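Just so you know, all these numbers are worked out from the coordinates, no wet-lab data involved. What you see is a predicted model; the values in this text were computed from it and never measured. Every residue, glycine as well, gets a Cβ built from its backbone with ideal geometry; the counts of neighbours run over all protein chains shown.
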Amino acid sequence: MDFPNCTEEVFATNNSSCASLETTKLPTSKILLSITLSVLAVVTTFLNCLVITAIAVTRKLHHPANYLICSLAVTDLLVAVLVMPFSIMYIQKESWGMGPVMCTIWLSVDITCCTCSILHLAAIAIDRYRAITDAVEYSRKRTGKMAGAMVSVVWFLSILISLPPLLWRHYTEDGDDEDQCIIVHHNMAFTLYSTLGAFYIPLLLILILYYKIYQAAQTLYMRREASRASRHSCMTNGSMIPSTYPAGDGDVDGGPRSPEPVSPPEKSYSEPSNEEPPRERVRAPAKPIHGKSRRRETRNESRRSQFQQGPRISNARERRAASTLGLIIGAFVICWLPFFVKEVIVNTCSSCSTSVEMADFLTWLGYLNSLINPLIYTIFNEDFKKAFQRLVRCSHYL
């Protein structure tokens, strides 16, 4: 077999083959980038499949609130399977070589699924807000049909927001370049329509709702602390101590349990020996009286410590709720805000532009939210943790 001689410049055919070999060879940085993005796509697929499977096979997770999380996982799974692989190929080749039809399909799936993922976060915020502020009435309406209706509305709005930019690209010169597969909004109205509907309005809604959720939780904790303080004052004044805590406390987060009632004292701690003199046998029953009073003092001290521990437990729960809400909002803002700020600036300022590398980085920063969502929305739920452990161990239904 003859191999091309790259050192001889006489043969033009050999020179052309050497040039083709040099152009097809990818730099190391691009190979590492492709591997990294592929790992992110695989991990995103795995995590969202884990959430979907856990909800499907675990009876404890068959709840309308979890149906929204399952739908969010399905949307993020579509991003990982249908959007990320084509984006990796696009970044690797630096041009679109699959034709205009595939470009239109890919852009449609990309915009619709990413918008739907963002709107799912807003729907989950609405569901949690109503569940904490109108718990009794909303619990009656919170059914599987209602969750399905919310999912349908989310998908309808996503298509409604994504369709006009795609039609605008199809009927303008933006889609004539077969080497590129992007959407450029020369019209201010389309830019505001797509960015406001896909991100800024949901962001404002999420911020307002989670702020009100935090306020409602803080008010609830303050009421429970006041109730504990009033009972503690009654205890110190010699009044009777109730045997249970207010509804919702207990040991949900490791808090104090309700004290056990005092059991009747036993006759003696140890049976007397038969060789004891009669006087010792007479004195033996008097010893448990001392023990009985000590046991009562011990129980009273434990009750005092439990009531004193109550505010600390409430503060811990409040900090945990605040940190959870901070993670949800922070991850959403960090992942998507830079991309949509870039979209507004680039499409409204004729002299403003970004590099291809920066545009790809901001796009994948938004895709990263599809990997973070299944972690944030399930990691703080004990039922999800147990379901994940059983799935990883290949166990059966809970």
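How high is the relative contact order of segment 45-113, in percent, counting Cα pairs under 8 Å that sit 6 or more residues apart?
Reported as a whole number, the value is 33 percent.
Sorted by packing (mean other beta-carbon atoms within 10 Å per residue), highest first, where do 336-347, 103-114 land?
103-114, 336-347
Mind scanning 141/212; 145/342; 93/342 and naming the pairs with a C-alpha gap bigger than 27 Å?
145/342
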